[in-house]
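Since every read-out is calculated from the coordinates, none of them should be taken as a lab result. Remember, it's a predicted structure, so these values are computed and weren't measured experimentally. Heads up, the Cβs are rebuilt from the backbone with ideal geometry, glycines too, and the neighbour counts pull from every protein chain shown.
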């Protein structure tokens, strides 16, 4: 049968008290049995009383120290009276030793009580801090819950708004098609418009699902230079179609990052396309990377119309867009992907025209201190 914890504490307390009494009793018996001519042993035995006195003071504080000193005095004083009555000077010395019993027991017990109070105060403070931390965590959870509900409300409102326009266009086109006597060419045009709106709805819902249910990244070491080379090959045709020239800056060979290549390609391609669409009259988009002491940065720099400063805080919000046919989810998805990679997206206006978007990754492999410059390719 298991012993209750409370009983184990009581049992241990009894053992300590009994141990102090037994040790004092054993010292007394041995001391009484020693001959008065064996001064050396008497000196040893009277000093031995300090051990149980100090132990009791450490365990039970001031009261334990004084009680054990009192018990030692009760046991030791008869020996002084009986054994040293013929030597008054030595007898006085022994009484002084008894006084020291109380001094040592009292001081040690007082210090033990002070330490105990400090420990209890620290424990109480730790308990209060733990409770405060628990309350703070509850507050954080409440704030996060409120934030999630608020975000869900904004997402729902944005999605409803984005879906309403294509549905209105589809409804209007169907009403016109239903009119009798409508020419075939007009019917075909409205059918094409319906198909276009359906494709837009499908694209919107696809992007929304990507945002709402992001796939966790499959991280693996990737060479940033090779990754950007692949992207440059993909965007060469896109750039030509939009009168946009994509400039790729050479990257150091051993620039290695833990990332999901397909997801990061998606983010970079979206930034390049956004940069191209921000330059309706044409221009250049620069793609490159830099390495710092702690981070590796992939940047996309355009010469577009830029983003007003008051809107910079909103560009990563779901459904926020400045493009007439944009879904407003591209940057939100990119922001989410970078967070899953342990990084972030930074954006700042250029000194001249346009914006620079930077994908900041934590560096996982040591790089050379400098990146050699080279001509754009």
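A compact table of results
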read-out	value
Least to most buried among 29, 176 (fewest other Cβ within 10 Å first)	29, 176
Three-way shape label, region 12-61, alpha-carbon gyration tensor, a/c 1.5	oblate
In nm, spacing of pseudo-spin labels at residue 294 and residue 189 (7 Å Cα→C-beta vector)	6.0
Ranking of 332, 262 by count of other Cβ atoms within 10 Å, fewest first	262, 332
Gain upon complete extension [residue 305, residue 111; 0.36 nm per residue less C-alpha separation]	62.4 nm
Pair residue 247, residue 347: separation of 7 Å Cα→Cβ label points (nm)	2.2
Within region 21-64: backbone nitrogen closer than 20 Å to the residue 103 label point (7 Å, Cα to C-beta)	43-58, 62-64
Label-point separation, residue 93 to residue 22 (7 Å along Cα→Cβ), nm	3.3
Förster radius 56 Å - calculated FRET efficiency between residue 134 and residue 37 (Cβ-Cβ, nearest 0.05)	0.20
Gain in span if fully extended, residue 119 to residue 218, counting 0.36 nm per residue against the direct Cα distance	30.7 nm
Order of 279, 82 - criterion: other Cβ atoms within 10 Å of each residue's Cβ, fewest first	82, 279
